[in-house]
Every structure is written in structure tokens, then in C-alpha cells.
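The values are calculated or read from the model by the stated rules, or taken from the named source; none is laboratory data. Predicted, not measured: the structure shown is a model, and the values here were computed from it. Backbone-built Cβ (ideal geometry, glycine too); neighbour counts: all protein chains shown.
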Amino acid sequence: MESKKIFNIDGDDSIQNRRIIGGNVTNLFNLNNVKYNWANKLYRVMMENFWIPEKVSLTDDKRCYSELTPHEKESYDGILSFLVFLDSIQTNNIPNISQYITAPEINLILAIQTYQEAVHSQSYAYIIESIVPADKRNDIYERWRQDKILLERNKYIAAIYQDFLDNRTDHNFARVVIANFLLEGIYFYNGFNFFYNLAARSLMIGTADEIKYINRDELTHCVLFSQMIKQIWQDNPKFFNEDEVYAMFAKAAEQEMAWSNAIIGDNIIGINKDTTEKYTKFITNQRLKEIGLKPIFKGFDVTPYPHLEKIADTAGEGSVKGNFFEANVSAYNQSSAVEGWDDI
């Protein structure tokens, strides 16, 4: 694959010749003429999702953290460590993907995603600095050095990203796009459910509120990449190797269950290895269906955590999960909470 020029004087911006990849555009943003109208709708939703991590109060969480059980603290710290990794590599890698996208309306929302991933990284830093005792903070950031399961998870997804940077073939780009969808669509959610589980028991409610904002961003990213994958596949039926896609999904589910069982296991009220397996297989099936493929885990069609979805609000009025393009996300907008402009 060839990276786009900053300005392609010989480019053709006509709608009929536009492609998500492999197009020949000038690289100028004429957003009055777009081919992919879903991208315009997604852009507006993502722009509405403006929020600031520090606007969520974590004061009570600091007190509550000291009252968690040792297992709850271990899970809390370990999950934050993994989440920090996920959004760190996303912030760095999304621009690498965008270099090869030749539809300006999609480049625009990839830029918003990059910004949002950076905000998520800041959110985790805010949580860690506000709640975790100072002598434990570096251990969260450095946990991958000692935790073999976490290291293997981190290496797997990072290696796919790096392979494309080292060898920019169509095959490696296809793997990057699928890996990104797996990260956004599967890797976060057992960790998110842990925080929602605590909130359901009136514990660490501020942390759960931060995670809700992050969760809703990640769901828009899932929409973005599922739409991209389907369109690329439609334009070029041989671009993705279906067997390889299924193998990557199976690997992602296997790693997600192994990590979740290692960091949560059967030690948390309301979550155990059985529910982790059911949820991971359920969400893996859901993500496969979102890109037009058949589920690989028969009988896993229902989440074992319907009560946690209510806390996350991923199925309610502000949902971006089910009926995305008709969803009203006004309840998600935090921009009205921003104060202090009169002092500038």
C-alpha cells in the first residue's frame, strides 16, 4: 500500500471514484460532497461526545478505594494497567491507519478518534493519580513487565500494528483494521463491567462514571471500524481473508477470557469465570455480526450482565450500541458543564 500525499495535484475528488482505501483524492477536505453519509452522521455524534475527565468528582472514590477487598484492589489496579496500554497504542496507531484512508469524511472522524483516545489516556491518569496511593502508581504503569499474561496480550495486538509499519502490504493493513476492531470491540468490556459491577454495589461510582464516558466513545469507534470493514470488503471481496478474520476473533476471545480470569477470576461478587466466558463469547458473536459474519460461539446470544448494561446506559436513550444512527446522545454531552470562560 502507498501512503497518501499531503497534497495530490493529480487527485480526483469525484464521488463516483471515491474509495475508503486505494482511492486517488487530492487530500483536501471538501465535506460538502461526501460519499459515505454514515460518516457525516457519526462525525456529529462524536463531536457531541465532548467531555473533560476532571469534571467527574473522584473524591468519594479515594475513600472507597481503601475499603475495597484485596481482590477488588488487585482487579482495579490491574484492569487500569491494561486500559492504559490499549488507549496508548490507539492514540499512536490511528494516524497510521488514516494515512491510507482515501475518503476525507472518514479521515475526519479518525482524527476525532485519535483525540478521544488521548482523552481516555488522560482519564486513566486522572483516576490513578486521584485514587491510587502514590507508592502503587508506577506499579500500574509498569505491570506488563512482571505480568506474563498481560505482556502476551499487549504484545499480540502491538505486533500486528508494528508488522504493518515494518511491511506495508494489503494483507498487513487488513490485519491492522481487524485488530483495531477487536481492540475497540472486545478487549475493553470485561474490564468495563468490573467497574460497573462495583458501582452496582455503590462502590467507586466516580470511576464508573469516567468509564461510562469512555465506553460510549469506544462504541462509536466500533461503529466506525465496522462500517469501514464492510465497505472495504464490499469494494474488494478478496481484501480480507475470512478464515484469518475468524481466527483473529477466536484468538481475541481466548486472550480476553484468560486475562479476565487471571485478574478477576472468581474473587469478585457478581463476576466469575462462568459469567466471563458467557459475556466474552456473547460480545464476540455480536462483533462478528456487526461486520456481516456468522457467530462462532453457538448459544451465546444473551449477555449475563443485563443489570450492568443499565448502569453503562449502552441500551437506553443515550445508546450508541443498538440503533446507533437514530440514537439521541444528548444526555452524554458534558460540554455544558465546562466553566471558567469568563476568567480568560
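Couple of notes before you dig in:
- Any chance TYR115 is assigned to a helix (DSSP H, G or I), of a type in the set (Ser, Thr, Tyr) and farther than 30 Å from SER14 by Cα: no
- All of TRP233, TRP259 fail the test of being surrounded by fewer than 20 Cβ atoms within 10 Å (Cβ to Cβ) and among the aromatic types (Phe, Trp, Tyr), apart from TRP233.
- Screening GLY292 with (1) assigned to a helix (DSSP H, G or I); (2) within 20 Å of the chain's Cα centre (by Cα); (3) surrounded by fewer than 18 Cβ atoms within 10 Å (Cβ to Cβ); (4) at pLDDT 85 or above gives one miss only, at (1).
- Test: residue in region 84-94 that is over 28 Å from ILE264 (Cβ atoms) and modelled with pLDDT of 95 or more: yes
- Unmet criterion (only one of (1) in contact (Cβ under 8 Å) with a residue 12 or more places away in the chain; (2) part of a helix (DSSP H, G or I)) for PHE239: (2)
- Residues that are surrounded by 18 or more Cβ atoms within 10 Å (Cβ to Cβ) and either of a type outside the set (Phe, Trp, Tyr) or outside any helix (DSSP H, G or I) (or both), drawn from region 23-49: GLY23, VAL25, VAL34, LYS35, TYR36, ALA39, LEU42, VAL45, MET46, ASN49
- Checking region 9-22 against the condition returns a match, with at least one residue being under 30 Å from ASP163 (Cα atoms), of a type in the set (A, V, I, L, M, F, W, C), in contact (Cβ under 8 Å) with a residue 40 or more places away in the chain and not in a helix (DSSP H, G or I).
Quick grid of which residues meet (1) hydroxyl-bearing (Ser, Thr, Tyr); (2) touching a Lys or Arg at 6+ places or on another chain (Cβ under 6 Å); (3) closer than 30 Å to SER57 by Cα:
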{"position": "ASN172", "(1), (2), (3)": "no, no, no"}
{"position": "ARG175", "(1), (2), (3)": "no, no, no"}
{"position": "LEU182", "(1), (2), (3)": "no, no, no"}
{"position": "TYR187", "(1), (2), (3)": "yes, no, yes"}
{"position": "PHE192", "(1), (2), (3)": "no, no, yes"}
{"position": "ALA199", "(1), (2), (3)": "no, no, yes"}
{"position": "LEU203", "(1), (2), (3)": "no, no, yes"}
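- Lone unmet requirement of (1) surrounded by fewer than 21 Cβ atoms within 10 Å (Cβ to Cβ); (2) in contact with a Leu (Cβ under 9 Å, 6 or more places away or on another chain) for PRO53: (2)
- Scanning region 1-49 for residues that are among the aromatic types (Phe, Trp, Tyr) and either more than 17 Å from LEU110 (Cβ to Cβ) or in contact with a His (Cβ under 7 Å, 6 or more places away or on another chain) (or both) returns a single hit, PHE7.
- Long-range neighbours under 9 Å by Cβ, at least six apart or interchain, first residue in contact (Cβ under 8 Å) with a residue 12 or more places away in the chain and within 16 Å of TYR305 (Cα to Cα) within region 250-274, second basic (Lys, Arg) and surrounded by 19 or more Cβ atoms within 10 Å (Cβ to Cβ): MET257/LYS281
- Test: residue in region 68-86 that is assigned to a loop (DSSP other than H, G, I, E, B) and on the phi < 0 side of the Ramachandran plot: yes
- Pairs meeting the criteria (first residue in region 191-212 and among the charged types (D, E, K, R), second residue assigned to a helix (DSSP H, G or I), beta carbons under 7 Å, at least 6 apart or on different chains) are GLU210/PRO53; GLU210/SER123; GLU210/ILE127; LYS212/ALA312.
- Which listed residue is farther than 18 Å from SER88 by Cβ, charged (D, E, K, R), in contact (Cβ under 8 Å) with a residue 60 or more places away in the chain and part of a helix (DSSP H, G or I), from ARG175, ARG143: ARG175
- Selected residue [at pLDDT below 95 and of a type outside the set (Lys, Arg)] from GLU72, GLU48: GLU48
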